[in-house]
Amino acid sequence: MKKFSLILAAMWILSLLFFNPAEAQTRLKFQSPFVPGTWDYMWGENFVKRVNALAAGRLEIKLEPPGAIVPAFEILDAVHKGVLDGGVAWSGYWVGKNTAFSLFASATGGPFGMNNWDHVAWIFAGGGQELYRELLDKLKYRVVWFPIWSEMAEPLGWFKKPIRSVADLKGLKMRAAGLAADVFREFGVAVTTLPMGEIMPALERGVIDAAEFSDPHSDMAMGFQDICKFYHLPGIHQPTGVGEAYFNKAVWDKLPADLRVIIELAAHEAMMLNWVRAWEMNIKALEDLQTKHGVTVVETPREILVEFLKAWDKVAARESAKNPDFAKVYESMRKFASRHVPYQRTINPDYAIAADYYWPKKK
C-alpha cells in the first residue's frame with residue numbers, strides 16, 4: 001500500500017506540472033444503483049472522489065444516485081451503449097445476463113471455503129479479473145471493469161420472528177439477489193429480487209416479509225429496524241464478492257494514458273481503503289441497532305449455515321451443467337481454493353482461539 005501511495009502521489013504531481021489550464025476538462029456521468037448515505041453508495045463515491053482529486057482538474061466524474069438517468073439494474077447496459085460514461089455496481093445484478101457474473105458478486109460458502117482475502121487473491125492472483133474481462137468480451141460489452149470494494153460477509157437477513165431452522169424459512173416472502181436467491185428458493189422461500197430503493201416500500205406494504213441486503217451500516221440507513229426486529233448473523237449465502245467501477249470503452253480509450261493509469265491505481269487503492277474503513281462504521285451501526293432501535297441480534301445456528309452450503313452445491317451443479325461460462329469460472333475458483341484454503345488453515349490459528357481468550361462470547 002505504501003508503494004501504491006507513492007506512485008499515486010507522483011502521478012498527481014506530474015498531472016499538475018503538465019496540465020494546461022486552457023485544456024477542456026473531461027466530465028463523465030456515472031450512476032450508482034445504491035441509495036446515497038449508505039455504505040454501498042459511499043464505497044463508489046470514495047473511488048470517484050479519489051480519481052477526481054488525482055486528476056487535478058483534467059477529469060471530473062459526477063456520480064448520480066439510482067434512477068437519475070437509468071433504472072438501477074440497467075447500469076451495465078447504459079455504460080455499454082454510452083448512455084452513461086461509467087458507473088459503479090455489483091455483478092449480482094447481471095445474473096440474468098449470465099449466471100457466471102454471480103460468482104464475482106458472491107457465491108455461497110465463499111465458494112469452497114474462501115473468505116474475503118481468499119476471494120480477492122483469486123481476483124488478482126488467481127485469474128479472476130482475466131475471466132471477468134473475458135466474460136464481458138464474450139457478451140460484447142464495450143466496458144472497462146475495475147473491482148473497487150471487497151464485500152464483507154453479509155448477515156443472513158432481517159426477519160419478523162427468529163429463524164431456528166431452515167424449516168422456518170419455508171413460505172417466507174423474501175428479498176434476495178444474485179444466485180443467493182436460488183439458494184433461498186431451495187428452502188421454499190418465495191424470493192423477489194428488488195433494487196435497493198424498492199426494498200423498504202415492499203416491506204412496508206407486506207409484498208415481502210423478510211429481506212437480506214448488505215451490511216449493518218447500509219441496512220440501518222435503509223430502515224430495516226423499523227419493521228423487522230430480528231437480525232440474523234452471520235450469513236454464509238454472500239460471504240465474499242466485489243463491488244466495481246465501469247467505464248464505457250470508447251470513453252476510456254479517449255482518456256490520456258497517464259489518467260488511465262491513475263484510475264487503475266486508484267481502483268487498487270480503493271479495494272483496500274474501502275474495505276478497512278467499513279469495519280468501524282459497521283461495528284457502530286450494529287451497536288446502535290441493538291441499543292437504540294431494540295433490534296435482537298440472533299446468532300445463526302451452525303446447522304442452518306451447513307444446510308445453505310448443501311443447497312448451494314445443488315444450485316452450482318445445475319448452473320455448471322447449463323452454463324459453460326459458469327462452469328469455467330467455478331472450476332477456476334475450486335482449483336484456487338483447493339490450495340489456498342488448506343494453506344490458510346495450516347498457517348493461521350483458528351480465529352476463535354485468541355478471540356475466545358480475550359473476548360469470550362456473552363451468553
Can you find even one residue in the range 33-54 that is among the polar types (S, T, N, Q) and either touching a strand residue (DSSP E or B) at 6+ places or on another chain (Cβ under 6 Å) or modelled with pLDDT of 95 or more (or both)?
yes
Residue hits (the range 324-363; more than 30 Å from Val297 (Cα to Cα), out of contact with any helix residue (DSSP H, G or I) (no Cβ under 8 Å at 6 or more places or on another chain) and aromatic (Phe, Trp, Tyr)) are Tyr343
In the range 153-173, which residue that is of a type in the set (Lys, Arg) and free of Cβ contacts under 8 Å to residues at least 60 places away in the same chain is nearest to Thr192 (Cα to Cα)?
Lys173
When restricted to Val297, Val341, Val329, the only residue outside any helix (DSSP H, G or I) and touching a residue at least 60 places away in the same chain (Cβ under 8 Å) is Val297
So, in the range 93-126, of the ones that are buried (at least 21 other Cβ atoms within 10 Å of the Cβ) and among the polar types (S, T, N, Q), which residue ends up nearest to the chain's Cα centre (by Cα)?
Ser106
In this structure, does Ala78 turn out to be in a strand (DSSP E or B), of a type outside the set (D, E, K, R) and out of contact with any His (no Cβ under 8 Å at 6 or more places or on another chain)?
no
If I filter the range 212-242 down to residues being small (Gly, Ala, Ser) and surrounded by fewer than 24 Cβ atoms within 10 Å (Cβ to Cβ), which single residue comes out as nearest to the chain's Cα centre (by Cα)?
Ser214
Count of residues meeting criterion [aliphatic (A, V, I, L, M) and within 25 Å of Ile75 (Cβ to Cβ)] in the range 151-206
16
Which of the residues that make up the range 121-160 are hydrophobic (A, V, I, L, M, F, W, C) and closer than 24 Å to Arg50 by Cα?
Ala121, Ile123, Phe124, Val143, Val144, Trp145, Phe146, Ile148, Trp149, Met152
Within the range 153-169, count every residue that is surrounded by fewer than 21 Cβ atoms within 10 Å (Cβ to Cβ) and part of a loop (DSSP other than H, G, I, E, B).
7
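Residue-wise test of (1) closer than 30 Å to Ile227 by Cα; (2) more than 23 Å from the chain's Cα centre (by Cα).
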position: Leu255; (1), (2): no, yes
position: Ala266; (1), (2): no, no
position: Ile283; (1), (2): yes, no
position: Asp313; (1), (2): no, no
position: Ala352; (1), (2): no, yes
Checked pairs for the range 304-317, first at pLDDT 95 or above, second in a helix (DSSP H, G or I), C-beta under 7 Å and 6 or more apart or across chains, list as Ile304/Val166; Glu307/Val166; Phe308/Val183; Ala311/Val183; Trp312/Val183; Val315/Asp182; Val315/Val183; Ala316/Tyr330
I'm trying to understand the selection: among the residues of the range 306-323, which are in contact with a helix residue (DSSP H, G or I) (Cβ under 6 Å, 6 or more places away or on another chain) and of a type in the set (Asp, Glu)?
Glu307, Glu319
Could you count how many residues in the range 255-265 are touching a residue at least 12 places away in the same chain (Cβ under 8 Å) and assigned to a helix (DSSP H, G or I)?
7
Checking Ala245 against (1) in a strand (DSSP E or B); (2) of a type in the set (Gly, Ala, Ser); (3) surrounded by fewer than 21 Cβ atoms within 10 Å (Cβ to Cβ), which single condition isn't satisfied?
(3)
Just a yes or no: is a residue in the range 54-70 assigned to a helix (DSSP H, G or I), within 15 Å of the chain's Cα centre (by Cα) and buried (at least 22 other Cβ atoms within 10 Å of the Cβ)?
no
Hey, among the residues in the range 286-307 that are within 14 Å of Asp219 (Cβ to Cβ) and crowded, with 19+ Cβ neighbours inside 10 Å, which one's nearest to the chain's Cα centre (by Cα)?
Leu286
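The values are calculated or read from the model by the stated rules, or taken from the named source; none is laboratory data. Since this is a predicted model, take the numbers as computed values, not measurements. Here the Cβ is made from the backbone with ideal geometry for all residues, glycine too, and neighbour counts use every protein chain on show.
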